[in-house]
Amino acid sequence: MNPDFSAGVAHVDGQYVALRDARIPLVDRGFVRSDATYDVAHVWQGRFFRLDDHIDRFLWSMGELRMSLPLSKKEMRHILEQCVALSGLRDAYVQMTCTRGVPPPGSRDPRECQNRFYAFSQPFVWIGTPAQQRTGLAMVISQVQRIASASIDTRVKNFHWLDLTMGIFEAYDRGALVAALPDAQGNVTEGAGFNIFGAKDGALFTPRRNVFEGMTRRTVIELARQLGIGCELADIPVQRLREADEIFITSTAGGVMPVTRLDGASVGHGEVGPLTQQLQRMYWQRAADDPRNTPVPYEKVAAARGGKELA
């Protein structure tokens, strides 16, 4: 009898298992030292959006952390496709992770570890649900500073989330959903899993450093270019963000999400702005029908599953 994969599928040690049953070694440095990198793609209406771009960024991050795996890009893509196809999920959050691995007994030398690959799919995750997005999200400027890129290169997606997590708690304590973390100079950086954009007089601006360069962020910059809209990458003082006509955040976990309240005050007129709405529509249209999207092979995997176990 086939296992129930409907709540998600993980790939661990070369095997596909129900996500709830997935395990990693307790002494893996990815767990005990946050010594890992990861990337998250999404499946929308049965198609991966920008999957090759996500894998390319994942491989770059691994290189920056001196990690390597005995897997080709094609093999990684295959594993991710299998995780989604086995689950049957049409809208999914899909993560690939490389950890440093388990050190030999008594060793603290990261060079002696064999890097490990994990992947999983689960139902789509929203930072702001569609219902919340209709009226816009409430955001605060956190008192917590973002870890500086001089310490940890924020372009490398990583598990160093304690500053971001404390920002989440602060947002909840202050009656908001999300928090934007500043840097030591008082410039806006990013929040927990999202980038930040402001709009003023019909042009966009977004932080240029101390941020993870998200795939949705990249897509919005491309869409702005397509529309002939300016998009400035710069150091953004908190006050400049406060004066924006519109604010939105971007993430694989939700796309383009409007912010209509900042620190309890209305952004612009306190409603979802026209530029944000336009970019929302264009983003989800592209996610649904971009010719470079990767269809998930549900039927092929279902047929194989009916006959023999998948490797």
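Those strands (runs of 3 or more DSSP E) of region 1-92 in which 3 or more residues are under 18 Å from residue 114 (Cβ atoms) occupy 36-44.
Being buried (at least 21 other Cβ atoms within 10 Å of the Cβ) and more than 27 Å from residue 43 (Cα to Cα) is the filter here, so list the residues in region 245-258 that pass it. Across region 245-258, the qualifying residue is only 246. Can you tell me which residue in region 77-115 is modelled with the lowest pLDDT, limited to those that are among the basic types (Lys, Arg) and farther than 27 Å from residue 293 by Cα? Going through the qualifying residues, I end up with 108.
Taking residue 149 as meeting all but one of (1) in contact with a helix residue (DSSP H, G or I) (Cβ under 9 Å, 6 or more places away or on another chain); (2) among the polar types (S, T, N, Q); (3) in contact (Cβ under 8 Å) with a residue 60 or more places away in the chain, write down the number of the exception. Residue 149 satisfies all of (1) in contact with a helix residue (DSSP H, G or I) (Cβ under 9 Å, 6 or more places away or on another chain); (2) among the polar types (S, T, N, Q); (3) in contact (Cβ under 8 Å) with a residue 60 or more places away in the chain except (1).
Suppose we filter 225, 261 for residues that are in contact with a Cys (Cβ under 9 Å, 6 or more places away or on another chain) and either under 21 Å from residue 193 (Cα atoms) or surrounded by fewer than 12 Cβ atoms within 10 Å (Cβ to Cβ) (or both); which single one remains?
On the way: 261 fails: in contact with a Cys (Cβ under 9 Å, 6 or more places away or on another chain).
Every option except 225 fails the conditions.
Restricting 265, 253, 192 to those that are outside the structural domain of residue 79 (by TED's automatic domain parsing) and over 20 Å from residue 164 (Cβ atoms) reduces the list to 265.
Of all residues in region 129-143, those being in a loop (DSSP other than H, G, I, E, B) and either β-branched (Val, Ile, Thr) or assigned by TED's automatic domain parsing to the domain that holds residue 62 (or both) number 1.
Please determine whether any residue of region 43-53 is more than 18 Å from the chain's Cα centre (by Cα), surrounded by 14 or more Cβ atoms within 10 Å (Cβ to Cβ) and at negative phi. No, region 43-53 has no match at all.
With respect to residue 227, is the statement that it is more than 22 Å from residue 132 (Cα to Cα) and in the same structural domain as residue 141 (by TED's automatic domain parsing) true? Yes, satisfied. With the structure loaded, tell me whether residue 102 is touching a Cys at 6+ places or on another chain (Cβ under 8 Å) and free of Cβ contacts under 8 Å to residues at least 60 places away in the same chain or whether it fails that test. Spelling it out, it is not the case that residue 102 is touching a Cys at 6+ places or on another chain (Cβ under 8 Å) and free of Cβ contacts under 8 Å to residues at least 60 places away in the same chain.
The values are calculated or read from the model by the stated rules, or taken from the named source; none is laboratory data. It should be emphasised that the depicted structure is a prediction, and the values quoted were computed from it without experimental measurement. Glycine gets a Cβ as well: all are built from the backbone with ideal geometry, and neighbour counts include every protein chain shown.
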